[in-house]
1. Name the residue that is nearest to residue 118 (Cα to Cα), counting only residues in the stretch 198-218 that are among the aliphatic types (A, V, I, L, M) and assigned to a helix (DSSP H, G or I).
2. Of these, 81, 105, 71, which one is modelled with pLDDT of 85 or more, under 30 Å from residue 23 (Cβ atoms) and aliphatic (A, V, I, L, M)?
3. Being more than 26 Å from residue 38 (Cβ to Cβ) and in a helix (DSSP H, G or I) narrows it down to one of 195, 174, so name that one.
4. Would you mind stating whether residue 119 is part of a helix (DSSP H, G or I), touching an Asp or Glu at 6+ places or on another chain (Cβ under 8 Å), at pLDDT below 85 and surrounded by 14 or more Cβ atoms within 10 Å (Cβ to Cβ)?
5. Quickly run through the stretch 127-143 and pick out the residues that are charged (D, E, K, R) and either in contact (Cβ under 8 Å) with a residue 12 or more places away in the chain or touching a strand residue (DSSP E or B) at 6+ places or on another chain (Cβ under 7 Å) (or both).
6. Given the condition among the hydroxyl-bearing types (Ser, Thr, Tyr), in contact with a helix residue (DSSP H, G or I) (Cβ under 9 Å, 6 or more places away or on another chain) and surrounded by fewer than 20 Cβ atoms within 10 Å (Cβ to Cβ), answer yes or no: does some residue in the stretch 46-60 qualify?
7. Kindly state which helices (runs of 4 or more DSSP H) lie completely within the stretch 17-109 and contain at least 3 residues that are under 21 Å from the mean Cα position of the chain (by Cα).
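The values are calculated or read from the model by the stated rules, or taken from the named source; none is laboratory data. All figures in this text were calculated on a predicted structure; none of them were measured in a lab. Glycine also receives a Cβ, built like all others from the backbone with ideal geometry; neighbour counts cover every protein chain displayed.
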Amino acid sequence: MNISQQRDAVRPRARGTERSLARRAELITIGRKLFADTSYDALSMDDIARQAHVAKGLIYYYFQSKRGYYLAIVQDSVADLVSFAASGLELAQVDRVQRTIDGYLRYAEHNQAAFRTIVSGGVGFDTEVHAIRDGVRAAIVATIAEGAYGDGDVPPLPRMALLSWVCSVEGATLDWIDRPELSRDVMCDLLVKTLGGTLRAIEELDPAFPAPKPARRD
């Protein structure tokens, strides 16, 4: 087989792969809408297939199981949150933190079932869900550390303090989406101010990590 024939033989496979990836992405988009406010246990595979207007076998083909489908949906939606948190490097530290927390709250507000799954473990004691949760925590800790200290990889003391703050944010956000008595703007300001207290506590315990000074606003 010459080079031209080899190239022609590969092209249909590549097109098939592209179609498969596009179809898989389409199913994930559909699933994100289905599971946005509906818990894992509340939807059967028959429900999912009917509401997605696809054959149930197609979901099994791409994701092997309902759990596999749900994990793919959670991973995809969380990837948006993490990439958003890591962006905005051109902003001042306070503005970037505000933007990151606002994005986090928006995600929780519009993906309540997925957020509860990530934070509270979701499908039983699921190690893959916990790994997703730990990845989100690590990404937010790194984002805050990068903005505060210019380096996302910090020693144990500031890392633990920031992780403690992130865990408290998770708990507060869970309560907020259940009882949205505060506006998102007020909730965001509150979390930013509690972060300021955490950063000052880090400085007190280790002066090598001074809390960033608020930017002057003329």
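1. 199
2. Numbers: 81 fails: modelled with pLDDT of 85 or more; 105 fails: under 30 Å from residue 23 (Cβ atoms).
After applying the criteria, what remains is 71.
3. Step by step, each of 195, 174 is checked, and only 195 is more than 26 Å from residue 38 (Cβ to Cβ) and in a helix (DSSP H, G or I).
4. Working: part of a helix (DSSP H, G or I): yes; touching an Asp or Glu at 6+ places or on another chain (Cβ under 8 Å): yes; at pLDDT below 85: yes; surrounded by 14 or more Cβ atoms within 10 Å (Cβ to Cβ): yes.
In short, yes.
5. Result: 128, 133, 137.
6. Keep residues of the stretch 46-60 that are among the hydroxyl-bearing types (Ser, Thr, Tyr), which gives 60.
With in contact with a helix residue (DSSP H, G or I) (Cβ under 9 Å, 6 or more places away or on another chain) added as a condition, the list becomes 60.
From what's left, surrounded by fewer than 20 Cβ atoms within 10 Å (Cβ to Cβ): 60.
Looking for residues that are among the hydroxyl-bearing types (Ser, Thr, Tyr), in contact with a helix residue (DSSP H, G or I) (Cβ under 9 Å, 6 or more places away or on another chain) and surrounded by fewer than 20 Cβ atoms within 10 Å (Cβ to Cβ), one finds at least one in the stretch 46-60, hence yes.
7. Counting at least 3 such residues, we get 66-86.
To keep it simple, each residue is scored yes or no on (1) at pLDDT below 90; (2) surrounded by 19 or more Cβ atoms within 10 Å (Cβ to Cβ); (3) not aliphatic (A, V, I, L, M).
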| site | (1), (2), (3) |
| --- | --- |
| 126 | yes, no, yes |
| 130 | yes, no, yes |
| 153 | no, no, yes |
| 167 | no, no, yes |
| 180 | no, no, yes |
| 183 | no, no, yes |
| 192 | no, no, no |
| 201 | no, no, no |
| 204 | no, no, yes |
